[in-house]
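> Supplied in structure tokens, the structure appears directly below.
The values are calculated or read from the model by the stated rules, or taken from the named source; none is laboratory data. These numbers come from a predicted model, not from an experiment. As a convention, Cβ positions derive from the backbone with ideal geometry for all residues, glycine included, and neighbour counts pool all protein chains shown.
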Amino acid sequence: MKALIHQGEKGLAGVRWAEVETPVPGPGEVRVQVVAMGLNHRDLRVLDWHSPSQPAVVLGSDGAGVVDAVGPGVSEWFPGDEVVIDPSLNWLDGPFPPENVAILGFPSNGTFAEYVVVPACQIAAKPSHLQWREAGVLPLAGLTAYRALFTRGQLQAGQTVLLPGIGGGVATILLRMAKAAGAKVAVCSRNVDKLALAKKLGADVTLHNDEDWALALRVAEPVQVGNSAEKVNLIVDSVGPALWDKYWAVLKTGGTLVHFGSTTGNEAVLPLREFFFAHWNLLGTAMGSHAEFLAMLAFVEQHQIKPVIDRTFALSEAPRALSYLAEGVQFGKVALHLD
Ligand SMILES: NC(=O)c1ccc[n+]([C@@H]2O[C@H](COP(=O)([O-])OP(=O)(O)OC[C@H]3O[C@@H](n4cnc5c(N)ncnc54)[C@H](OP(=O)(O)O)[C@@H]3O)[C@@H](O)[C@H]2O)c1
């Protein structure tokens, strides 16, 4: 089969569109003929994590397709079933990941190929309202967003949530989920065009990264619902240090910051006196369990939520798509489809 592999030199230089052996499903496994895929930042990071001495790896965590073959002992899936693939491996349920949790697409072979083999417990029926490319970009971002917003952030209808870096693939699905849950949503970005797009998607308040957020929230009519209404109940952040010092002026007493990415660096400053006097909750999260994946799909189906797709590339053009993702100009997800 054809696949996008990484081998040898680190970075994009080691990425190749190659002929590799078609995988065969073993006991308890299914083979999915991939129809559509999504890019994630992880795909870029894998290019540096994967050492030149390791064997070639098929890239890709996100994908959707059609079950093509089932291994011995699989009775719940049949060839022809349309499915999405849960990339959070070995974490079936429970509040926190087991020690052997892993992500599809390194070290195991991923989805950027004609076929991928995964455990049968890692797939779920494709929501019928999604087109293939929407289903292909949903899994990793949808799962991360769902757990961050609801399991960890405990977002309630009527609360206000701030979503920094709204151009992001996860942030745009967070916006759609938060609106569906009845929350008021403030977003911020480096880019005024992305703010305008977010407004069209239903954002109640748009904030440029460079403006005074506390002032802007105070004058924004839609979030004025109480005494400290100019502040937000929840911030779901993946931008990190570049914006970290702006959060504390707009987070309510008792509010929660959920963090899931380190886009602008690994170390950030937390003002400790404000932290304890304001009784804030600071929570980390990463992807989620298969139980949360199924809950996410049910939520997406119930509210007919579609991920925002910025651009679609053919799989054979994936190196160009990876460079595009690295530029950070996108609004939403970058999708791939088989040529
Ligand atoms: N823990 C997990 O389970 C998990 C899951 C998925 C992703 N992640 C991580 O979360 C992060 C976001 O993922 P994503 O797929 O949504 O990425 P993405 O599509 O590239 O979005 C990142 C967003 O961050 C903002 N940003 C980037 N550089 C910035 C800078 N220098 N200053 C201020 N803002 C900046 C941009 O928003 P604007 O252009 O609007 O400003 C950009 O759209 C990545 O670091 C990713 O690795 C973690």
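> Scan region 125-148 and report the pairs whose first residue is within 15 Å of G168 (Cβ to Cβ) and touching a residue at least 24 places away in the same chain (Cβ under 8 Å) and whose second residue is of a type in the set (K, R) and buried (at least 23 other Cβ atoms within 10 Å of the Cβ), with Cβ atoms within less than 7 Å and a gap of 6+ or a chain change.
Sorted first by the residue in region 125-148, then by its partner, the pairs are V137/K333; A141/K333.
> Take K179 and decide whether it is modelled with pLDDT of 95 or more, basic (K, R) and within 16 Å of the ligand (Cβ to nearest atom).
Taking the combined requirement at face value, the residue does not satisfy it.
> Quick check on my filter: what residues within region 324-339 are modelled with pLDDT under 95 and either more than 10 Å from the ligand (Cβ to nearest atom) or farther than 26 Å from H259 by Cβ (or both)?
Matches in region 324-339: H337, L338, D339.
> Another question, if that's okay. Which one of these does L283 not meet: (1) exposed (fewer than 15 other Cβ atoms within 10 Å of the Cβ); (2) in contact with a Leu (Cβ under 8 Å, 6 or more places away or on another chain); (3) over 29 Å from S128 (Cβ atoms)?
Tallying (1) exposed (fewer than 15 other Cβ atoms within 10 Å of the Cβ); (2) in contact with a Leu (Cβ under 8 Å, 6 or more places away or on another chain); (3) over 29 Å from S128 (Cβ atoms), L283 fails exactly one: (1).
> OK, next. Tell me yes or no: at least one residue of region 226-242 is within 10 Å of the ligand (Cβ to nearest atom) and either in contact with a Phe, Trp or Tyr (Cβ under 6 Å, 6 or more places away or on another chain) or farther than 29 Å from F96 by Cβ (or both).
Checking region 226-242: at least one residue is within 10 Å of the ligand (Cβ to nearest atom) and either in contact with a Phe, Trp or Tyr (Cβ under 6 Å, 6 or more places away or on another chain) or farther than 29 Å from F96 by Cβ (or both).
> Please enumerate the residues belonging to region 163-174 that are in contact with a strand residue (DSSP E or B) (Cβ under 6 Å, 6 or more places away or on another chain), more than 6 Å from the ligand (Cβ to nearest atom) and not in a loop (DSSP other than H, G, I, E, B).
Listed by number, the residues that qualify are L163, L174.
> Keeping to region 1-15, report how many residues are under 25 Å from the mean Cα position of the chain (by Cα) and closer than 18 Å to L338 by Cβ.
4
> Sticking with this structure for a sec: Given the criteria more than 15 Å from the ligand (Cβ to nearest atom) and in contact with a helix residue (DSSP H, G or I) (Cβ under 9 Å, 6 or more places away or on another chain), does V300 qualify?
Considered against the rule, which asks whether it is more than 15 Å from the ligand (Cβ to nearest atom) and in contact with a helix residue (DSSP H, G or I) (Cβ under 9 Å, 6 or more places away or on another chain), V300 comes out as yes.
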